[in-house]
């Protein structure tokens, strides 16, 4: 009788251990995953939707975005304000621009203080990379700010993690910063930033292609 009781107890314990849920990834582990992925990428191209709000002003653009390490960026405006215009930054940090339409024959060289290289909220076009976003979340983790993992969600048919920085950086007006990360690829598919309850910045990336061997010539006009 005692042997039977012990056997049943052993079965119950074994069953409990076998079916115990796997430990969930925390926010720090997920951030480390996207850092590792980013370090492995040499270049990428994608489509990108950017929506910004500043007070009563709004701006929405669809872009073709190209990036190559180190810090080479090309942005083509496919839809929205300044449709047809192109901005590039080459390996030497030289920034050039062409207007859309018939006026886009001549390429202009712009300096770092030129407002034409910034979006409505003052962010420079070449800071729209995953690397810049990851750097901000990594910094928040290092400074032990309130980085949280929110409930998972499906986004553009991808099973995703969602991370949030609550409370914002004291130097910034952003009070909540959220990124949506594809679980399979460790790529960021969306970023949303809030001032209070107001969504002031949303960026979505899709049709992503990695490590195409993009030539340096693509990043100059």
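Evaluating kT/(6 pi eta Rh) at 25 °C and 0.890 mPa s, with the Kirkwood radius of the chain over Cα pairs in the Stokes-Einstein relation, gives 125 µm² s⁻¹.
Remark: 145, 116, 74 ranked as 116, 145, 74, counting other beta-carbon atoms within 10 Å and listing the fewest first. Ranked by how many other Cβ atoms sit within 10 Å of their own Cβ, fewest first, the residues 159, 111, 59, 182 fall in the order 111, 159, 59, 182. Taking the number of Cβ atoms within 10 Å of each Cβ as an exposure proxy, the fewest-first ranking of 75, 162 is 162, 75. Available extension along the chain between residue 111 and residue 60 is 16.0 nm, counting 0.36 nm per residue and deducting the alpha carbon span.
Net length available on complete extension from residue 212 to residue 41 is 60.6 nm, with 0.36 nm assigned per residue and the Cα-Cα distance removed.
Put a dot 7 Å past the Cα of residue 81, heading toward its Cβ, do the same for residue 220, and the two dots end up 3.1 nm apart.
Is the shape of segment 63-144 rounded, prolate or oblate, going by the alpha carbon gyration tensor and its root eigenvalues a ≥ b ≥ c, with a/c under 1.5 for rounded and a/b larger than b/c for prolate? The shape class here is prolate. With 0.36 nm allotted per residue and the present C-alpha distance subtracted, the residue 158-residue 29 stretch has 44.5 nm of extension available.
A short reminder: the numbers here are calculations on the coordinates, not readings from a lab. Here the structure is a predicted model, which is why all the values come from computation and not from measurement. Methodologically, a virtual Cβ is constructed for each residue, glycine included, from the backbone with ideal geometry; neighbour enumeration extends over all protein chains shown.
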